[in-house]
Amino acid sequence: MALRRAIEADGRTWVAIANAAGCDKAQIGRFMRDMRSVTVETADGICAALGVECRLVRVKPGGNATPAARKAAGTTRRKVR
């Protein structure tokens with residue numbers, strides 16, 4: 001997922017990113033360990049804290065999305081959480 005890659009590439013701790021995003025560090029931890037997804041609002045806050053654009057791209061899991069659309073969404077043909 002593109003958001004996970006952006007968080008990893010940022011270089012700050014999850015705590016620092018959570019503080020800047022106005023969310024709980026546990027939310028980011030669960031998201032990064034693939035235990036939970038995040039809401040659109042939380043994703044938007046994280047993106048703002050990271051200084052990256054937040055775009056909602058809907059891709060049906062296992063659907064007929066083009067490879068370019070799946071790449072833009074940061075997904076593959078597997079089920080996306």
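What are the residues in the range 23-35 that are in a loop (DSSP other than H, G, I, E, B) and in contact (Cβ under 8 Å) with a residue 24 or more places away in the chain, if any? If you could, list the steps in order and put the result at the bottom.
Taking the range 23-35 first, the residues in a loop (DSSP other than H, G, I, E, B) are 23-24, 33-35.
Passing the criteria: only D34.
Do we find a residue being surrounded by 14 or more Cβ atoms within 10 Å (Cβ to Cβ), of a type outside the set (G, A, S), in contact with a helix residue (DSSP H, G or I) (Cβ under 7 Å, 6 or more places away or on another chain) and not in a helix (DSSP H, G or I) anywhere in the range 2-21?
no
Readers should treat all values here as calculations from the given coordinates under stated rules, not as data from a laboratory. For clarity, every value in this text was computed on a predicted model and none was experimentally measured. With ideal geometry, Cβ positions are generated from the backbone for all residues, glycine too; neighbour counts draw on all protein chains shown.
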